[in-house]
Amino acid sequence: MSLVQERRKTRQICVGKVKVGSETRVSVQSMTNTFTQDVDATAGQILSLEKAGCEIVRVAVPDMEAALAIQQIKDKIHIPLIADIHFDFRLALAAAEAGADGLRINPGNIGDTKKIQTVVDSARAHGIPIRVGVNAGSLEKEIEKRLGTTAKAMVESALSNIRILEKLGFYDIKVSLKASDVTRTVEAYRMLAPMTDVPFHVGVTEAGGIYAGITKSAIGIGMLLSEGIGDTIRVSLTRDPVEEIRTGFEILRALGIRSRGPELISCPTCGRCKIDLFKIAEETEKALLERSTKIKVAIMGCVVNGPGEAKEADIGIAGADGMGILFKKGKVFKKVDQDQLVAQLLYEIDKMTENSEERNGKEE
C-alpha cells in the first residue's frame, strides 16, 4: 500500500525547461547564500548544486547590481534561475530583462496596481512565471492585525495576491505558504489546497540548522507530499545549500515518490566495529552525490551486520579488524585494507554504472 495519496490537480507552469504542476514529477530546488553580485562565487555554488541534483535555483536580488549580475550568472549555469524580489518593482523588471527564468515576489509589497501591472507585463513578455511567496513573518499589516500570524492569515494573503495577478490576466503562478513551524505550515497548505489550482512550492521556512532543519522539513514536507500536496520543494537549512538538495531527494525517496542516484544504507555501529565507519560513511555519501546509477549501497560496521543483514544491497562493505570486505547481493568478493575501502567501493560502483549505461542509457 502506498504512503502517498493521489496528487492534488493543478495547472502547469514552466520555470525554464522545468515543468511544475501535478502532471509532472515533484522538483527539488534550493537558494544560493552567496552575494549574487559576486558572479563567480554564485555561479560556482550553483554548479555544485547542479551536481547534487538541484533542478531550480533561486538567488537574492537586493539591489540593481544583483539584478544585472543574473545575465552573467546564467551564462555559466545549466538550470533555471529564479530572482527573489522584495519591495522594489524595478528590480523585478531588471531581473527579467537579465534572463531570470522566474520571479518570486509578494504583489502586495511591490506597490500600487500600476507597478504590479508593469511587473506582470514584463513577466508575460519574457514568458516567465511568478511565485507568490507568503511567509508568516511578513504578512500584510491589515491581515496580520485582523487575523494574527495564523495559517488562516497566510491563506488569505495568498488568495489576495493570486487574485491581483489573475485580475491582470496573468495565470503562470505558483504559491508558497511558509512558517517557521510545521503546524502552521501544514495547516495553511491544507486549507488553501481546495481553493485554487495553482501549483504549490512547499517548504518550512527558517527551519534551522542541520538537525532541527532536517527534522522539521522532513515532517512538514513529508506530511504534505504524503497527502498529495506539493509540486516543487525546497528544504531550508542554515547550511551549505547542497545539504538542502540531499535532504530533499531523501524525503522523496523515503516516500517512494522519486529517487536520484544510489541509495545509501548504513548501520549505527556498536562495540563490534573496528573501522572508522563514521568517516567511511560520510566520504561515501558525499561521493555518491555525483553518481547517477540507482543502486543500493550498504556501509556496515562488521561481518555480523554485513553481507547477511545487507544482502539486499547491490554492493556494500563490512568492516573487520583494520580492514574490510566488499560484497554484492550478500556474497563476498574482495578483501581490502581499511584505507582503501572507499576507493575500492567507488571503483566497483563506477564499473556498475558503466555497465548499466551501456545496457540502458544514462538514467536521470
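The values are calculated or read from the model by the stated rules, or taken from the named source; none is laboratory data. Owing to the predicted nature of the structure, the values given are computational and were not obtained by experimental measurement. When we count neighbours, we look across all protein chains shown, and the Cβ atoms used for this are built from the backbone with ideal geometry, even at glycine. Note: areas computed on protein heavy atoms with side chains; ligands, DNA, RNA excluded. Shrake-Rupley method; radii C 1.70, N 1.55, O 1.52, S 1.80 Å.
Tell me which lysines have Cα within less than 23 Å of Lys216's Cα, excluding those fewer than 8 residues away on the same chain?
Leaving aside lysines fewer than 8 places away in the same chain, those within reach of Lys216 are Lys152, Lys174, Lys178, Lys286.
Distance in nm between label sites at Asp197 and Asn109, each 7 Å beyond Cα in the beta-carbon direction?
A separation of 3.1 nm, rounded to one decimal place.
Please compute the length gained on full extension between Glu282 and Ser160, using 0.36 nm multiplied by the number of residues separating them and subtracting their Cα-Cα distance. Don't skip to the end; give the middle numbers.
Details: separation 122, 0.36 × 122 = 43.92 nm, distance 4.60 nm.
Length gained between Glu282 and Ser160: 39.3 nm.
Which semi-axes, in whole Å and largest first, does the equivalent ellipsoid of the range 169-248 have when worked out from the alpha carbon gyration tensor as the square roots of 5 times its eigenvalues? Before the final figure, lay out each step's value.
Values: eigenvalues 100, 36, 21 Å².
Its equivalent ellipsoid spans semi-axes of 22, 13, 10 Å.
Could you provide, to the nearest whole Å², the per residue accessible area of the chain with probe 1.4 Å? Numbers along the way, then the final one.
Details: 16570 Å² over 364 residues.
Roughly 46 Å² per residue, with all protein chains present.
Any idea what % of Cα-Cα pairs in the range 223-263 are farther than 14 Å? Kindly include the intermediate steps, with their values, before the conclusion.
Numbers: 390 of 820 pairs.
The share of Cα pairs beyond 14 Å in the range 223-263 comes to 48 percent.
Quick one: what does P(r) look like for the range 68-183 with 5 Å bins over all Cα pairs, in whole %?
Each 5 Å bin holds this share of Cα pairs: 2, 12, 22, 22, 17, 12, 8, 3, 1, 0.
Quote to one decimal, in nm, the extra length available between Gln5 and Glu142 on full extension: 0.36 nm per residue of separation minus the C-alpha distance between them.
45.7 nm
On the principal axes of its Cα set, how long, how wide and how thick is the chain? Give whole Å, largest value first.
Rounded to whole Å, the extents work out to 71, 41, 35 Å.
Using amide H atoms built in the peptide plane, which far-off residues or other-chain residues are under 5 Å from Glu227 H to H?
The list, which skips near neighbours in sequence, is Gln5.
Rounded if a/c is under 1.5, else prolate if a/b beats b/c, else oblate: with a ≥ b ≥ c from the C-alpha gyration tensor eigenvalues square-rooted, which is the range 167-309?
Values: a/c = 2.64, a/b = 2.30, b/c = 1.15.
It is prolate, given that a/c is not under 1.5 and a/b is the larger ratio.
To the nearest 500 deg cm²/dmol, what mean residue ellipticity at 222 nm is calculated for the chain from DSSP H runs of n ≥ 4 alone, each contributing -39,500 (n - 2.57), summed and divided by the residues?
Values: 12 runs with 152 residues, N = 364.
Value at 222 nm, helices only, nearest 500: -13000 deg cm²/dmol.
What number does the range 1-45 give for Rg over Rh if you use C-alpha atoms and the Kirkwood radius? Intermediate results must be reported in sequence, preceding the final value.
Numbers: Rg = 16.0 Å, Rh = 13.5 Å.
Taking Rh as the inverse mean 1/r over Cα pairs, Rg/Rh reads 1.19.
Semi-axes, largest first, in whole Å: what does sqrt of 5 times each Cα gyration tensor eigenvalue give for the range 206-276?
Numbers: eigenvalues 124, 51, 27 Å².
Equivalent ellipsoid semi-axes, largest first: 25, 16, 12 Å.
State the antiparallel share, in %, of DSSP beta bridges confined to the chain, rounding to the nearest 5. Intermediate values should be presented prior to the final figure.
Numbers: 13 of 46 bridges.
Restricted to the chain, the bridges split so that about 30 percent are antiparallel.
Among DSSP beta bridges whose residues both lie in the range 116-243, state the antiparallel percentage, nearest 5. Intermediate values should be presented prior to the final figure.
Values: 0 of 9 bridges.
In the range 116-243, DSSP labels about 0 percent of beta bridges as antiparallel.
Is the range 135-190 best put as rounded, prolate or oblate by its Cα gyration tensor, with a ≥ b ≥ c the root eigenvalues, rounded for a/c under 1.5, and otherwise prolate when a/b is larger than b/c, oblate when not? Walk me through the intermediate numbers first.
Values: a/c = 2.65, a/b = 1.50, b/c = 1.76.
Oblate shape, in that a/c is at least 1.5 and b/c is the bigger or equal ratio.
Provide the percentage of antiparallel DSSP beta bridges, counting only those with both residues in the range 6-137; round to the nearest 5.
Working: 3 of 16 bridges.
So the antiparallel bridges amount to about 20 percent of the total.
Tally up the carbon and sulfur contribution to the accessible surface of the range 175-260 as a whole percent, 1.4 Å probe, everything protein left in place. Could the numbers behind the result be given before it?
Numbers: 1570 of 2850 Å².
That share works out to 55 percent.
For the chain, build the charge dipole from Cβ charges (+1 Lys, Arg; -1 Asp, Glu) around the Cα centre, then report which of Ser266, Thr353, Ser176 sits farthest towards its positive end.
The listed residue farthest towards the positive side: Ser176.
Taking 0.36 nm per residue of separation and subtracting the Cα-Cα distance, what length does fully extending Thr183 through Arg272 add? Kindly include the intermediate steps, with their values, before the conclusion.
On the way: separation 89, 0.36 × 89 = 32.04 nm, distance 4.13 nm.
Result: 27.9 nm gained on full extension.
Do the alpha carbons of any pairs in Lys114/Lys141; Lys17/Lys74; Lys294/Lys328 sit beyond 23 Å of each other, and which pairs? Write down the numbers at each step before the final one.
Details: Lys114/Lys141 21 Å; Lys17/Lys74 14 Å; Lys294/Lys328 15 Å.
Exceeds cut-off: none, every pair is within range.
Can you grab the distance from the C-alpha centre of the range 226-250 to the C-alpha centre of the range 104-135, Å, no decimals?
25
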